[in-house]
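First the structure, in the form of C-alpha cells, and then the observations on it.
The values are calculated or read from the model by the stated rules, or taken from the named source; none is laboratory data. Note that this is a predicted model, so its numbers are computed, not measured. All Cβ positions, glycine included, derive from the backbone under ideal geometry; neighbour counts span all protein chains shown.
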Amino acid sequence: MVKRGYRKERLDRGIKARSDDIFAIASWRETLYLILPRAAVIVSLLAFPLLKDVLGHYWQNVMLITCTIALLALSWDLLASVGLVSLGQALFFGVGAYLAGFLSRTFGWTPLLTIPASTVAGALLCTAILFPVLRLRGIYFGLITFALPLLMMRMIEATKILGGTEGLSGLPPLPDITFELYLVITAALVCAFGFKRLMDTDYGLVLRAIRDNDRSVLASGINIQWYKAQAVFIAALPGTFAGAFLTHHYQFVGMPAFALDFSILPLTSVVIGGAGTFAGAVLGAFILVPLSEVLRAFGTLRVVIYCSFLIIFTIGLPEGIFRFIERKYHQFERVVPLEEVRA
Amino acid sequence: MRTDPILRVCNLSKRFGGVNAVYDVSFYLYEGETLGIIGPNGSGKSTLINLITGFVKPDSGKVYFRGRDITGITPDKAVSLGIARSFQLVRPFYNMAVYKNLVIPLYSPRVRKLKGGKYGDRDEVAIHLLEEVGFERDSQVPFKTAGTLPHGYMKRLELARCLSLQPEVVILDELFSGMSMSEIASMLPLLEKINREEGRTLIMVEHRLRELFRVVGKVIVLNFGMKIAEGTPAEVMEVEEVRKAYLGSEVEAGA
Amino acid sequence: MELVNVLVFGLVNSAVLALTAMGFSLTFGLSGVANFAHGGLYLLAGYTSWILANRLNLPFAVSAVLAVILAALLGALIYRLVLMPVRGIVLSEVIATFAVGVAILELFRWMGFVTYEFNLRPFVKGSVEIAGVAVDYQRILIIGIGLVLAAGLWYFTRRTRIGLALRGMAQDEYTALSVGIESDWAAALSLALGAGLAAVAALSILPLGIISINIGYDVLLIALAVTVLGGLESTTGLVAGAFILGYAMTFTSTYLGPQWMEAVYMAAIVLVLAVKPSGLFGKSKELEERV
C-alpha cells in the first residue's frame with residue numbers, strides 16, 4: 001500500500017544572524033531584521049508612560065506590577081543559569097522591601113536614597129543568607145529557598161520587629177506615577193539586556209559551566225562557591241530593587257512581602273516565557289500579570305488558572321513561548337509532500 | 001643533595017563505608033619526574049588522585065606540595081598551586097563549543113595571574129591548545145558542540161584543559177582508556193614533550209601498562225588500597241605480589 | 001505538671017507530624033518524586049469526606065474510605081498525566097506537582113470552603129487522663145495509627161517483595177528494569193500510596209480542629225521539614241525526624257509562646273539543609289562528599 005505523506009520542513013532564513021557571534025549584516029534590510037524586534041519592544045515600553053491619558057491609572061498600575069514581576073523573573077533566570085533553582089523569589093523581594101521600609105522609617109531617608117541603598121544592601125544580605133547553602137543543588141536548594149521567605153514571615157510575626165503583623169505604613173512615596181513607571185521599566189530593560197550580555201561574556205560562560213558540570217569547573221581551578229555567591233548577588237539586585245520600589249509605591253511594607261505570590265508569579269512567568277533567555281522571563285510576566293488582572297473578578301480561581309498554565313507549559317511547551325516565537329521569526333516553515341511512504 | 005620533593009604523600013588513608021579505599025599510602029616525587037600508578041580495578045587509584053587533588057578529604061595522612069602542607073585543600077586551590085588533573089570519566093561542557101570548553105580554565109585565577117592580567121583573546125589561545133593536543137589544524141571540529149565529539153577527542157579535550165592551566169604537576173586519570181592504539185601512539189610524543197621540554201611533573205593512572213611504561217620512569221602499584229610495590233617498571237613487575245594481583249585480570253601484565 | 005503536659009502533647013504532636021509526612025516520604029523513597037501536591041491531596045481528602053458525609057449524608061466510615069480511594073486515584077492520575085512527560089527532570093516535577101497542589105487548594109477556596117463550619121467528626125469521642133493530663137481518644141488514636149502505619153511501612157519497604165523491588169527501583173532504575181519491573185507502573189503506585197497515606201493522615205488529624213485552606217500549605221511544609229530532618233528516604237529517619245520536630249515544637253510553644261511554633265519547622269528545614277543536607281540520619285554520601 002502506498003500512502004502519500006507530508007512533512008514539515010524548517011529552513012533558516014538566509015541571514016547568518018543566528019550563529020553564535022558572527023553577524024553578517026550586509027544590507028539595511030538585514031540590519032532592520034535584527035534590530036526591529038528589539039527596538040519595537042524598547043520604544044513601546046518607553047512610550048507607555050506617555051499614554052497615561054489614554055490608558056488610565058488602572059493600566060499604569062498593572063504595568064508597574066508587571067515590571068516588578070518581570071524583574072523577579074529575570075532574577076530567577078539568572079540564578080537558574082548557574083544551576084541554582086529558586087522556589088522563593090519572595091526572599092529577595094521581601095528583604096528589599098523591608099530594608100527600604102526600615103531605612104525610611106529609622107533614618108527618614110528619601111526614597112531616592114533608600115531604593116538604591118536597600119537594593120545593594122539587600123542583595124548583600126541575601127547573598128550572606130544563602131552563602132552557606134550554595135553547595136546544595138537541584139531540589140535541595142529549591143527547598144531551602146521555598147522555606148526561607150516563609151521563615152522570615154514567621155520570624156517577623158513572632159518577634160514583632162519591623163512592625164510585626166501590622167507592617168510599616170505611611171512611608172514616603174516616589175514623585176509621581178510617570179517617574180515610577182520610567183524607573184521600573186528602565187530597570188527591567190537594563191536587566192534583561194544586561195543579563196543577556198553578561199551571559200555572553202567569558203564570565204557568563206563560567207557561570208553557565210557551573211550549571212552544566214561543576215566538577216570540571218572545580219578542576220579548572222575556579223572557586224565555584226565564590227562564583228555562585230557573585231551570581232546570587234547579581235541575581236538578587238533586581239529582586240531587592242523590586243521590593244524596595246513597591247514599598248515606596250504602596251507607601252507600606254508588611255508580611256505579604258514574603259508571601260508565596262512573589263515566588264510563584266515570577267516562576268510561572270519564566271516557565272511560560274521560557275528559561276535561559278531573559279527575554280522569555282519578561283515576556284512571561286507581560287502575559288501572566290495583565291492576564292491575572294483581567295481575571296481578577298474570578299477571585300482565587302485565577303490562581304487555579306495560572307497553576308494550569310504552569311502545568312501545561314511545563315509539560316507541553318518546556319522551551320517556553322519566547323523560543324517558540326524566536327524560532328518562527330528566524331525560520332521558514334513549509335509543508336512538503338513526501339515522495340512515497342510505504343505503510 | 002636535591003631540594004624538597006614537589007609532591008610528597010604521607011600515610012594517606014580514606015575509608016568509604018567500612019572499606020579501606022586507600023590505606024596508608026606514601027610516596028614522593030621530584031620536579032620533572034614521571035610516575036605511573038597502577039593496580040587492578042577498585043584498588044584505590046582514582047581515590048588516591050581525588051585525595052591529592054582535594055576532591056575527597058582524607059581521613060588521615062598528609063599531602064605536601066613543595067614542602068607545603070596541602071592536605072584537604074579544595075580542588076580549585078590545588079589548581080591555583082599548579083596541580084591539574086584529568087578525569088577518568090570525561091564530562092566536558094556538552095552544550096558548549098569545544099573551544100569554549102577551554103575558556104573556563106583560561107578564566108581561572110591561576111592563568112590570569114600567570115599572564116599578569118594581560119591575556120589576549122581566550123578563544124584564540126583555546127584553539128591553539130586544541131591543535132597542540134591533536135585536533136586537526138583549520139578543521140571545523142573545535143567549533144562543534146562538545147557533546148558531539150568522539151570519545152578519543154573528548155579525552156584530548158580533557159588533556160587540553162589540564163594543559164591550559166599551565167600546571168607544574170599534571171595528573172592524568174586513565175587518559176588512554178577508550179583510545180585506539182594509533183590514538184595512544186600519537187599521544188606519546190606529546191606526553192614526552194610536556195614532561196621533557198616543558199618540565200612538568202607527570203603522574204599517570206593507567207591500565208595500559210605497555211604504553212605507560214614508555215612514558216614513566218617510576219611506578220607504584222596499589223592493591224586493595226595499599227601500596228604493594230614501588231620502583232622502575234621493570235622492578236615492580238618482578239615483585240611476586242604484583243604478578244599475583246594482576247594475574248588473570250590483565251593480559252598486558254607481561255609487558 | 002507542665003513538664004508532663006509537654007511530654008504527653010509532644011508525643012501526640014510527634015505522631016501528628018509523622019503521620020502528616022508519611023505519604024510524602026513514602027513517595028519520595030519509592031520513586032524519587034518530591035510530591036509537592038501533598039498538601040493539596042491532604043485537604044482534598046478532608047473536604048471530600050466532609051462533602052460526602054454532610055451533603056450526601058453518607059455514613060462517616062464510608063465517606064472516609066471513599067476519600068482515601070479518591071486521593072489514591074488522583075495520586076496515580078497525577079503521575080500519569082502530569083509527571084510522566086517530565087519524569088526525571090526534578091525541577092519540572094516539583095513545579096508541576098506544586099502547581100497541582102496549589103490548584104486543588106485554591107479551587108476549594110474559590111468554591112467557598114473558607115468558613116468555620118467545616119470540621120470532620122472524630123472517629124471516637126471522649127477523653128482519658130494520662131498522668132493527670134486529659135487526652136482525648138482521637139489523639140491517642142492518632143498515635144496508634146501512626147505506630148501501625150510506620151511499622152507497616154517499614155515492613156512493606158524492607159520485607160515484602162514488591163516494596164523491596166520499588167526501593168531498588170528508586171536507587172537504580174536500569175537494574176530494576178532488567179529484573180522486569182515496569183518503572184512507570186511502580187512510580188504511579190508510589191504516588192497512589194503516598195496520596196492514600198496523605199488522606200488517612202488528613203482523616204485522622206483534621207477532626208482535631210477545623211479544616212482550612214492554609215492547612216494545606218502548612219502540611220506541605222511540615223512534610224518537607226520532617227523528611228529533610230530525618231533524611232529523605234528512610235522510615236526510621238521519618239519517625240526520628242517527627243519526634244525531634246514534635247518535641248521541639250511543643251517545647252517552643254510552651255516556653256516561648258505559640259507564635260514561635262511555625263518558625264520552628266521552617267528553621268529546621270533551613271538549618272538542616274545548611275549544616276547536614278542528607279538529614280540527621282541520612283547517609284547520602286553524594287551530598288556529604290560535595291566540596
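When residues of segment C:84-110 are filtered for being small (Gly, Ala, Ser) and either closer than 22 Å to residue C:213 by Cβ or modelled with pLDDT of 90 or more (or both), how many remain? So that I can check it myself, show each step before the final result.
To start, the set of residues in segment C:84-110 that are small (Gly, Ala, Ser) comprises C:88, C:92, C:96, C:99, C:101, C:103.
Narrowing the set further to residues that are either closer than 22 Å to residue C:213 by Cβ or modelled with pLDDT of 90 or more (or both) leaves C:96, C:99, C:101, C:103.
Total meeting the criteria: 4.
Of these, C:81, C:70, C:43, which one is within 12 Å of another protein chain (Cβ to nearest Cβ) and at pLDDT 90 or above? Break it down stepwise before answering.
Values: C:70 fails: within 12 Å of another protein chain (Cβ to nearest Cβ); C:43 fails: within 12 Å of another protein chain (Cβ to nearest Cβ).
Of C:81, C:70, C:43, the one residue that is within 12 Å of another protein chain (Cβ to nearest Cβ) and at pLDDT 90 or above is C:81.
When you scan segment A:322-339, do you find a residue that is in contact (Cβ under 8 Å) with a residue 12 or more places away in the chain, assigned to a loop (DSSP other than H, G, I, E, B) and exposed (fewer than 15 other Cβ atoms within 10 Å of the Cβ), even just one?
yes
Restricting to segment A:212-246, give me the number of residues that are among the polar types (S, T, N, Q), outside any loop (DSSP other than H, G, I, E, B) and either within 14 Å of chain B (Cβ to nearest Cβ) or touching a Pro at 6+ places or on another chain (Cβ under 8 Å) (or both).
Filtering segment A:212-246 for residues among the polar types (S, T, N, Q) gives A:213, A:216, A:220, A:223, A:225, A:230, A:240.
Now restrict to residues that are outside any loop (DSSP other than H, G, I, E, B): A:216, A:225, A:230, A:240.
Cutting the leftovers down to either within 14 Å of chain B (Cβ to nearest Cβ) or touching a Pro at 6+ places or on another chain (Cβ under 8 Å) (or both) gives us A:216, A:225, A:230.
The number of residues fulfilling the criteria is 3.
Consider residue B:185 carefully, then state whether it is surrounded by 21 or more Cβ atoms within 10 Å (Cβ to Cβ) and without any contact (Cβ under 8 Å) to a residue 60 or more places away in the chain. Spell out the reasoning first.
On the way: surrounded by 21 or more Cβ atoms within 10 Å (Cβ to Cβ): no; without any contact (Cβ under 8 Å) to a residue 60 or more places away in the chain: yes.
Against the criterion (surrounded by 21 or more Cβ atoms within 10 Å (Cβ to Cβ) and without any contact (Cβ under 8 Å) to a residue 60 or more places away in the chain), residue B:185 does not qualify.
Would it be correct to say that residue A:285 is surrounded by 21 or more Cβ atoms within 10 Å (Cβ to Cβ), touching a Cys at 6+ places or on another chain (Cβ under 8 Å) and not aromatic (Phe, Trp, Tyr)? Talk me through it step by step, then tell me what you get.
Details: surrounded by 21 or more Cβ atoms within 10 Å (Cβ to Cβ): yes; touching a Cys at 6+ places or on another chain (Cβ under 8 Å): yes; not aromatic (Phe, Trp, Tyr): yes.
For residue A:285, the condition - surrounded by 21 or more Cβ atoms within 10 Å (Cβ to Cβ), touching a Cys at 6+ places or on another chain (Cβ under 8 Å) and not aromatic (Phe, Trp, Tyr) - is met.
Go through segment B:191-227 and count every residue that is closer than 20 Å to residue B:239 by Cβ and polar (S, T, N, Q).
1
Within segment A:109-159, how many residues turn out to be β-branched (Val, Ile, Thr), under 11 Å from residue A:99 (Cβ atoms) and crowded, with 20+ Cβ neighbours inside 10 Å?
3
Just give me the residues in segment B:136-158 being surrounded by fewer than 14 Cβ atoms within 10 Å (Cβ to Cβ) and under 25 Å from the mean Cα position of the chain (by Cα), in sequence order.
B:136, B:147, B:148, B:150, B:151
Inside segment C:101-143, can you point out the residues that are in contact with an Asp or Glu (Cβ under 9 Å, 6 or more places away or on another chain) and not basic (Lys, Arg)? Talk me through it step by step, then tell me what you get.
The first filter runs over segment C:101-143 and keeps only residues in contact with an Asp or Glu (Cβ under 9 Å, 6 or more places away or on another chain), leaving C:122, C:124-128, C:135.
Result: C:122, C:124, C:126, C:127, C:128, C:135.
Being in contact with a helix residue (DSSP H, G or I) (Cβ under 7 Å, 6 or more places away or on another chain), closer than 22 Å to residue C:89 by Cβ and either within 14 Å of chain C (Cβ to nearest Cβ) or at pLDDT below 85 (or both): is that true of residue A:312 here? Even if it seems obvious, please write down each step before you answer.
Details: in contact with a helix residue (DSSP H, G or I) (Cβ under 7 Å, 6 or more places away or on another chain): no; closer than 22 Å to residue C:89 by Cβ: yes; either within 14 Å of chain C (Cβ to nearest Cβ) or at pLDDT below 85 (or both): yes.
For residue A:312, the condition - in contact with a helix residue (DSSP H, G or I) (Cβ under 7 Å, 6 or more places away or on another chain), closer than 22 Å to residue C:89 by Cβ and either within 14 Å of chain C (Cβ to nearest Cβ) or at pLDDT below 85 (or both) - is not met.
Search segment A:291-309 for residues being modelled with pLDDT of 85 or more and under 18 Å from the mean Cα position of the chain (by Cα), and hand back the single one that is nearest to residue C:102 (Cα to Cα).
A:307
Tell me, please, whether a residue that is within 19 Å of residue C:208 (Cβ to Cβ) and aliphatic (A, V, I, L, M) can be found in segment C:22-32. Talk me through it step by step, then tell me what you get.
Here is the first cut: in segment C:22-32, the residues within 19 Å of residue C:208 (Cβ to Cβ) are C:22-23.
Among the residues that remain, those that are also aliphatic (A, V, I, L, M) are: C:22.
Yes.
What residue, among those in segment A:260-282 that are in a loop (DSSP other than H, G, I, E, B) and within 12 Å of chain C (Cβ to nearest Cβ), is surrounded by the fewest Cβ atoms within 10 Å (Cβ to Cβ)? Reasoning before the result, please.
At the first step, the residues of segment A:260-282 found to be in a loop (DSSP other than H, G, I, E, B) are A:260, A:274-278.
With the extra rule that they be within 12 Å of chain C (Cβ to nearest Cβ), the set shrinks to A:260, A:275.
Values: A:260: 18, A:275: 23.
So the residue we want is A:260.
Which of the residues that make up segment A:288-313 are part of a helix (DSSP H, G or I), surrounded by fewer than 18 Cβ atoms within 10 Å (Cβ to Cβ) and not β-branched (Val, Ile, Thr)?
Here is the first cut: in segment A:288-313, the ones part of a helix (DSSP H, G or I) are A:288-298, A:301-313.
So of that shortlist, the ones also surrounded by fewer than 18 Cβ atoms within 10 Å (Cβ to Cβ) come out as A:290-291, A:293-298, A:301, A:305, A:308, A:312.
Within segment A:288-313, A:290, A:291, A:293, A:295, A:296, A:297, A:298, A:301, A:308 meet the criteria.
For segment B:65-106, give me every one of the helices (runs of 4 or more DSSP H) that falls completely inside it and has 2 or more residues that are facing chain A (nearest Cβ under 7 Å) and at pLDDT 90 or above. Walk me through it before giving the result.
On the way: elements: B:75-81, B:98-101, B:103-106.
Hits in segment B:65-106: B:75-81, B:103-106.
From the list C:153, C:120, C:149, which one is within 21 Å of the chain's Cα centre (by Cα) and either in a loop (DSSP other than H, G, I, E, B) or among the aromatic types (Phe, Trp, Tyr) (or both)?
Working: C:153 fails: either in a loop (DSSP other than H, G, I, E, B) or among the aromatic types (Phe, Trp, Tyr) (or both); C:149 fails: either in a loop (DSSP other than H, G, I, E, B) or among the aromatic types (Phe, Trp, Tyr) (or both).
Sole residue among the options that is within 21 Å of the chain's Cα centre (by Cα) and either in a loop (DSSP other than H, G, I, E, B) or among the aromatic types (Phe, Trp, Tyr) (or both): C:120.
Can you tell me which condition residue A:171 does not meet? The list is (1) buried (at least 23 other Cβ atoms within 10 Å of the Cβ); (2) touching a residue at least 12 places away in the same chain (Cβ under 8 Å), and all the others hold.
(1)
Rundown of residues vs (1) within 24 Å of residue C:164 (Cα to Cα); (2) part of a helix (DSSP H, G or I); (3) more than 10 Å from every other protein chain (Cβ to nearest Cβ); (4) not aliphatic (A, V, I, L, M), yes/no style:
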residue: C:8; (1), (2), (3), (4): no, yes, yes, no
residue: C:16; (1), (2), (3), (4): no, yes, yes, no
residue: C:22; (1), (2), (3), (4): yes, yes, yes, no
residue: C:39; (1), (2), (3), (4): no, yes, yes, yes
residue: C:57; (1), (2), (3), (4): no, no, yes, yes
residue: C:92; (1), (2), (3), (4): no, yes, no, yes
residue: C:95; (1), (2), (3), (4): no, yes, no, no
residue: C:101; (1), (2), (3), (4): no, yes, no, yes
residue: C:108; (1), (2), (3), (4): no, yes, no, yes
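Using beta carbons and a limit of 8 Å, which pairs, at least six apart or on different chains, have the first residue in segment A:137-160 and more than 7 Å from chain C (Cβ to nearest Cβ) and farther than 24 Å from residue C:92 by Cα and the second one assigned to a helix (DSSP H, G or I) and hydrophobic (A, V, I, L, M, F, W, C)?
Within 8 Å, the pairs are A:152/A:91; A:152/A:95; A:152/A:258; A:153/A:255; A:153/A:258; A:156/A:162; A:156/A:255; A:156/A:258.
Looking only at segment A:266-287, which residues are hydroxyl-bearing (Ser, Thr, Tyr) and touching a residue at least 60 places away in the same chain (Cβ under 8 Å)?
First, pick out the residues of segment A:266-287 that are hydroxyl-bearing (Ser, Thr, Tyr): A:268-269, A:277.
Scanning segment A:266-287 gives A:269, A:277.
Return a yes/no flag: does segment C:198-208 have any residue that is buried (at least 20 other Cβ atoms within 10 Å of the Cβ) and either farther than 26 Å from residue C:110 by Cα or touching a His at 6+ places or on another chain (Cβ under 8 Å) (or both).
Yes, segment C:198-208 has at least one match.
Which one is modelled with the lowest pLDDT among residues in segment C:244-291 that are assigned to a loop (DSSP other than H, G, I, E, B) and more than 9 Å from every other protein chain (Cβ to nearest Cβ)? Break it down stepwise before answering.
Within segment C:244-291, the first condition is being assigned to a loop (DSSP other than H, G, I, E, B), and the residues that meet it are C:256-257, C:276-284, C:289-291.
In the following step, the residues that additionally are more than 9 Å from every other protein chain (Cβ to nearest Cβ) were identified as C:276, C:278-282, C:284.
Values: C:276: 80, C:278: 75, C:279: 75, C:280: 73, C:281: 70, C:282: 64, C:284: 51.
By that ranking, first place goes to C:284.
On the given criteria, is residue A:206 without any contact (Cβ under 8 Å) to a residue 24 or more places away in the chain, within 14 Å of chain B (Cβ to nearest Cβ) and not in a strand (DSSP E or B)?
On the way: without any contact (Cβ under 8 Å) to a residue 24 or more places away in the chain: yes; within 14 Å of chain B (Cβ to nearest Cβ): yes; not in a strand (DSSP E or B): yes.
Yes.
Write out, first by first residue and then by second, each pair whose Cβ atoms fall under 6 Å of each other, whose residues are 6+ apart or on separate chains, and whose first residue, in segment A:28-48, is acidic (Asp, Glu) while the second is surrounded by 14 or more Cβ atoms within 10 Å (Cβ to Cβ).
From segment A:28-48, the pairs are A:30/A:15.
Within the bounds of segment A:112-125, is there any residue that is touching a helix residue (DSSP H, G or I) at 6+ places or on another chain (Cβ under 9 Å), within 14 Å of chain C (Cβ to nearest Cβ) and in contact (Cβ under 8 Å) with a residue 12 or more places away in the chain?
No - not one qualifying residue is present in segment A:112-125.
Tally time: how many residues in segment B:14-51 are surrounded by fewer than 18 Cβ atoms within 10 Å (Cβ to Cβ) and part of a strand (DSSP E or B)?
7
Taking the criterion of being closer than 19 Å to residue C:31 by Cβ and in contact with a helix residue (DSSP H, G or I) (Cβ under 8 Å, 6 or more places away or on another chain), would at least one residue in segment C:254-272 satisfy it? Steps first, answer last, please.
Keep residues of segment C:254-272 that are closer than 19 Å to residue C:31 by Cβ, which gives none.
No, the conditions are met nowhere in segment C:254-272.
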